[in-house]
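What follows is a short report on a single structure.
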Amino acid sequence: MESYATAQQVFAAGLVFARLGAIVMLLPGMGETFIPPRIRLAFALAFTLMLFPLLAGSVPPLPADAAGLFGAVIKEVLIGLMIGGILRLFMSSLATAGEIVSLQTTLSFAQTANPSQAQPSTTLSTFLGLIGITLIFATDLHHLFVAAIVESWDLFPFSRDVPIADAGQLAIQTVGRSFALGLQLAAPVVVFSLVFNIATGLVGRVMPQFQVFFVATPLNVLLGLSVFALSLGVVGVVWVDRYRDLIGLFSR
């Protein structure tokens with residue numbers, strides 16, 4: 001290949017592709033399981049060709065042995081998995097909100113194949129997951145993904161070791177914040193369910209002969225989904241703002 005590219009250029013492009021490929025395989029919206037792997041790899045390869053002229057000058061020299069070459073590639077793959085994994089973990093906030101709403105409205109047994117998770121989940125979780133992917137592209141969050149990928153080489157240059165401890169701490173914080181955000185997004189339905197169950201219990205105590213569950217179950221589903229539908233706009237706005245703040249950690 002010396003007639004077309006030097007060994008150093010091939011090494012530099014390979015390092016860029018290693019990080020980009022790992023990120024794209026996990027990136028929300030672009031790295032979904034229903035997108036063929038060849039399409040994702042082709043996107044990563046095209047992105048690599050665009051970024052290579054900007055990053056070629058900062059790539060370290062070609063290692064003298066195979067062990068050094070393997071270590072450099074593995075390091076870039078780990079950094080890419082760290083970035084893509086953090087961005088993917090935040091999507092669990094919508095799944096958490098859907099699970100909580102399903103439990104409160106007695107719809108947790110309604111299962112649907114979730115294309116984002118490649119496994120069945122509650123219908124509301126699948127619905128919120130698809131809304132999240134739609135919001136990513138509708139609000140141009142995928143542009144911030146691209147900016148975060150480009151600026152990741154400023155935060156994690158080729159000469160820096162993989163921040164294992166920091167990555168683990170950030171992952172734990174992201175999971176905690178995602179669960180807390182999921183509970184906050186489902187808060188209107190949780191409050192309604194609490195008030196409704198208390199009212200149902202009082203009616204059952206006052207009127208023991210009244211068929212409480214016969215009337216309360218359909219009302220719980222109908223009113224709970226109505227509250228969920230009314231709060232859906234606020235859910236989308238809050239989730240997008242929190243996601244934008246998370247992406248800002250990689251693009252500053």
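Taken together, the values in this text are just the output of simple stated rules run on the coordinates, not laboratory data. Nothing here was measured: the structure is a model prediction, and the numbers come from that model. Quick reminder, even Gly has a Cβ in these numbers, built from the backbone with ideal geometry, and neighbours come from all protein chains shown.
Quick notes on this one:
- Taking the charge dipole of the stretch 55-212 about its Cα centre, with +1 at Lys and Arg Cβ atoms and -1 at Asp and Glu Cβ atoms, the residue from His143, Thr122, Gln209 reaching farthest to the positive side is Gln209.
- Dipole of the stretch 149-252, positive direction: furthest Cα of Ser159, Val234, Thr174, with charges on the beta-carbon: Val234
- Think of each Lys and Arg Cβ as +1 and each Asp and Glu Cβ as -1; about the Cα centre, that makes the dipole of the stretch 34-153 roughly 180 debye.
- Coupling constants for the stretch 22-37 follow from the phi torsions by the Karplus curve (6.51 cos²θ - 1.76 cosθ + 1.60, θ = phi - 60°), and in residue order they are 5, 5, 5, 5, 10, 5, x, x, 8, x, 6, 5, 7, 8, x, x Hz; glycine and proline get x.
- Convex hull of alpha carbon positions in the chain: directionally averaged projected area 16.0 nm².
- With semi-axes defined as the square roots of five times the eigenvalues of the C-alpha gyration tensor, the equivalent ellipsoid of the stretch 124-252 measures 44, 17, 9 Å, largest first.
- Expressed per residue, the C-alpha convex hull volume of the stretch 1-151 stands at 119 Å³.
- Given charges at beta-carbon only (K, R positive; D, E negative), |dipole| of the stretch 1-91 in Debye: 260
- Computed over the stretch 134-252: relative contact order in percent, which uses C-alpha pairs under 8 Å that are six or more apart: 53
- The chain, helix-only ellipticity at 222 nm - DSSP H runs n ≥ 4, -39,500 (n - 2.57), divided by all residues, nearest 500: -25000 deg cm²/dmol
- Overall form of the stretch 116-168 per C-alpha gyration tensor (a/c, 1.5; a/b vs b/c): oblate
- The magnitude of the dipole of the chain, with charges of +1 and -1 set on the Cβ of Lys/Arg and Asp/Glu and taken from the Cα centre, is near 480 debye.
- The shape of the stretch 62-202 comes out prolate: with a ≥ b ≥ c from the C-alpha gyration tensor, a/c is at least 1.5 and a/b beats b/c.
- Dipole of the chain [Lys/Arg +1, Asp/Glu -1 at C-beta], most positive-end residue of Phe192, Pro61, Phe11: Phe192
- Share of pairwise Cα-Cα distances greater than 19 Å in the stretch 48-116 is 61 percent (whole percent).
- By other beta-carbon atoms within 10 Å, ranking Val150, Val16, Val101 with the fewest at the front produces Val150, Val16, Val101.
- Mean Cα-pair separation over length for the chain, i.e. relative contact order, pairs under 8 Å, 6 or more apart, %: 23
- Considering the stretch 178-252, its Cα convex hull presents a mean projected area of 5.7 nm².
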